[in-house]
Each structure stands twice: as structure tokens, then as C-alpha cells.
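Participant: First the structure, which I've put down as C-alpha cells, then a few questions once you've had a look.
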Amino acid sequence: TPCPIPRPFGGAGPRPRVALVRGVSEGSFLERYRRGAEEMADDLGIELVTWDARGDPGALPDLVRAAARGGAQALVVDHGQGERLRSAVEEVLAQGVRVVAFDTAIDHPEVPEVEQDDFLIGHVICTRLAQDTAGRAAVIHVTADGFAPLARRERAWEAHRWRHPGLREVARIEANAANAAADAEARVGQALRAHPETTAILALWDEFAEGAVRAVERAGLRGKVRVYSVDVADRDIRRMREPGSPWVATAATDARAIGRLAVRAAAALLAGAPVERHLLLEPRLVTRELLVEQGITGMEALVQALPSLGESRLVWPAWMEALLISRGR
Ligand code: SR1
């Protein structure tokens, strides 16, 4: 029997409208997230509109309200600060608007949260750092304040420092999320001058890693300081593959899969389908060695080599697959 496609999908009416309300949009990883969300919306016949706070968490609550006033039936909100956002989210929920969070701890029973399993991401990259250095390293740690994924990754770093007392944090940098790579480059450069004993940099966002790599190269420290990071994108792969690159490993999911999952979760809520509260994507370790040895030059080849980075199996109700088939996708 054919699978019925629920309203507001598949009928003759106007396309359902979903808003991507972005706290942070800077960098290759989050650009790939946007493209993934757009593709999934297109596949499902959703009109996707974007609102962008450009790294200013204070602007996000008003954008949530504006997106609802603009007619969005569901929102995907990323990189907000839960306590600052909660009342705006509760207001729009009360108006019947559905909400999905990505990298935002809203902590509301009606709001599913998409996450890259950030404790695990932190664990995976810190394990590699500890293994490569036999548990002894002088580490510059680059993060930013006020972002749930970074706070979770940092917890893993704290646990690893407890586990390996020889991992010493010589500097903790809180870089500016609105100007991430350039700010990280400048501040890592200063930290390298202040701490010439540094042997590793732990950068909890690939934008910070990009800045850290430039700082290491500028300081002529290739071969002495290694960079460990989170996230992967085409630009990162190119950087990691450069001869003698200090960027040796990153722990990541594919941002495209995140964008696609977030939009499917919004679509499922719109159709009245249940969605799990915590939608966790599985991260993988990507090493420079793997990229060079397997000749991987971009994200599509990386996903082929590590298929668990590809499309998530989460939130695929039967009607959604039927809808895609009916739309020739
Ligand atoms: C400012 S938070 C940056 C992080 O958000 C995305 O989840 C990426 O993983 C990035 O590391």
C-alpha cells in the first residue's frame, strides 16, 4: 500500500516555510552546513529562509521572533546561548511554531537538539593528541566562550589532562567567533612567543585551527608544533595535505549531514511526527596520514573513505522517503 504523505507536505498548497536562524555562519564548515540544509529543504519541497546573527548571540532572540513573524512554521536555530534564547523560543512555541536546535542547549521537551556528540569529539581528538605525544605536551588551547559545543569539547580536554598529567595547558585562548581565523592567528602568534616550549595546539573549531596553522608557519615552527582540531571541510583537507603541514588530525562529522538532519527534524515536527530529543551524529578521526595515503583531496572522497560520515540514518520516517521518491529525488 502506498505510504500517505502528511500535511503540510505533498499537497497542492503553498510550500511549508522553515527558517534557518543562524547564530554563527563564519567559515567553510558552517557554509557546508547551510548548503546541506538547503539541499534537504529542496528535496522535501520546503521553502528555506535564512536569518543570520553573524556571531552576535545577543541578536539571536530577536531573529527567532522575526522569523516567526515572517511566517516560518518551523525554525532551526544554531549557536545560541540557551539562557538568552529560552524566552524567545517559548514565545514562538506558544504560537505553534516548531523549533529544532543545533549546537544550542535550549533544554526544552519540545525542542530536539542536533549535536555532533561533542563530548565524544573532544575525547577522540584529545586521545590522538595524547597518543602522539606519549602523554607529554605543552599545549595552547584555542576556544571561544559561550558556545555549547565548545564547552562540551573542553570538558573532554579537562578529563584528558586529569588522565595524563604530562599534558600541560600553557595558554588558553578565547578567540572571537565573529572573526575566528584571523583572531586565532594573532592570538596564537602571541602565545607562541610567550611560550616557546609549546609542542601542540588544540583548536576546538576548524576556523581556530586555520588561524593556528598560519601562526605556526609564520613563526617558523613547522616540525615542532602540531595542530589538533575539530571539524573538517574542503579547505581544511587542502591545508592538512600541504607538505609538512603542522595540522595532523581533526575529529569531525560532515556539516552537510548536520544541515540535512536538522531540516528533516523540522519537517518531521511539522508533520506531527515524534522526534527524539537528542539527535547525535557520530564523529570520526581524520588524520593527515589518512588524507595523504589515500589521496583524499576533498569532502566527497573523505565521505567515501569513511562512510559513517555520510547521510545520517536519523529521522527518516517512511513518508519522507515516499515524498522524496514522489519528487523524483
Ligand atoms: C562557535 S562554535 C563552532 C563550532 O560549531 C560547529 O558545531 C562546528 O563544529 C564548530 O566547531
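Participant: Can you tell me which of (1) touching a residue at least 40 places away in the same chain (Cβ under 8 Å); (2) out of contact with any Leu (no Cβ under 9 Å at 6 or more places or on another chain); (3) more than 22 Å from residue 253 (Cα to Cα) is the one residue 132 doesn't meet?
Facilitator: Among (1) touching a residue at least 40 places away in the same chain (Cβ under 8 Å); (2) out of contact with any Leu (no Cβ under 9 Å at 6 or more places or on another chain); (3) more than 22 Å from residue 253 (Cα to Cα), residue 132 violates only (3).
Participant: Shifting gears a bit: Just for helices (runs of 4 or more DSSP H) wholly inside region 228-320: which have at least 2 residues that are open to solvent by 10 Å² or more (accessible area, probe 1.4 Å), without any contact (Cβ under 8 Å) to a residue 60 or more places away in the chain and within 15 Å of the ligand (Cβ to nearest atom)? Step through it out loud before you land on a result.
Facilitator: Details: elements: 234-241, 255-270, 288-293, 299-305.
Output list is empty.
Participant: Only one of (1) open to solvent by less than 60 Å² (accessible area, probe 1.4 Å); (2) farther than 25 Å from residue 256 by Cα; (3) more than 13 Å from the ligand (Cβ to nearest atom) fails for residue 214. Which number is that?
Facilitator: (1)
Participant: Looking only at region 53-63, count every residue that is surrounded by fewer than 23 Cβ atoms within 10 Å (Cβ to Cβ) and in contact with a helix residue (DSSP H, G or I) (Cβ under 8 Å, 6 or more places away or on another chain) and tell me the total.
Facilitator: Final tally of qualifying residues: 7.
Participant: Mind listing just one residue for me: the one in region 136-156 that is away from the ligand (no atom under 16 Å from the Cβ) and out of contact with any helix residue (DSSP H, G or I) (no Cβ under 8 Å at 6 or more places or on another chain) and, of those, most open to solvent (accessible area, probe 1.4 Å)? Give the derivation first.
Facilitator: Let us first name the residues in region 136-156 that are away from the ligand (no atom under 16 Å from the Cβ), namely 136-140.
With out of contact with any helix residue (DSSP H, G or I) (no Cβ under 8 Å at 6 or more places or on another chain) added as a condition, the list becomes 136, 138.
Values: 136: 177, 138: 8 Å².
Among them, the one singled out is 136.
Participant: Right, next: How many residues are touching a Leu at 6+ places or on another chain (Cβ under 9 Å) and either among the aliphatic types (A, V, I, L, M) or within 12 Å of the ligand (Cβ to nearest atom) (or both) when one looks only at region 178-206?
Facilitator: Within region 178-206, residues that are touching a Leu at 6+ places or on another chain (Cβ under 9 Å) and either among the aliphatic types (A, V, I, L, M) or within 12 Å of the ligand (Cβ to nearest atom) (or both) number 6.
Participant: Is it true that residue 232 is β-branched (Val, Ile, Thr), in the same structural domain as residue 200 (by TED's automatic domain parsing) and modelled with pLDDT of 95 or more? Step through it out loud before you land on a result.
Facilitator: Working: β-branched (Val, Ile, Thr): yes; in the same structural domain as residue 200 (by TED's automatic domain parsing): yes; modelled with pLDDT of 95 or more: yes.
Yes.
Participant: Sort out which residues of region 157-199 are under 23 Å from residue 28 (Cα atoms) and crowded, with 18+ Cβ neighbours inside 10 Å, and write them in order of number. Don't jump to the end; show me each part of the working.
Facilitator: Residues of region 157-199 that are under 23 Å from residue 28 (Cα atoms), as a first pass: 173-189.
173, 175, 177, 180, 181, 183, 184, 185, 187, 188 - these are the residues of region 157-199 that are under 23 Å from residue 28 (Cα atoms) and crowded, with 18+ Cβ neighbours inside 10 Å.
Participant: Another question about this same structure. Can you work out which of the residues in region 10-41 that are open to solvent by 10 Å² or more (accessible area, probe 1.4 Å), under 29 Å from residue 328 (Cβ atoms) and not in a helix (DSSP H, G or I) is farthest from the ligand (Cβ to nearest atom)?
Facilitator: Only one residue tops the list, namely 12.
Participant: Return yes or no: is residue 159 assigned to a strand (DSSP E or B) and away from the ligand (no atom under 16 Å from the Cβ)?
Facilitator: Numbers: assigned to a strand (DSSP E or B): no; away from the ligand (no atom under 16 Å from the Cβ): yes.
No.
The values are calculated or read from the model by the stated rules, or taken from the named source; none is laboratory data. What you see is a predicted model; the values in this text were computed from it and never measured. All Cβ positions, glycine included, derive from the backbone under ideal geometry; neighbour counts span all protein chains shown. The protein model used for the area step is the full one, side chains on, heavy atoms only, and it has no ligands, DNA or RNA in it. Shrake-Rupley method; radii C 1.70, N 1.55, O 1.52, S 1.80 Å.
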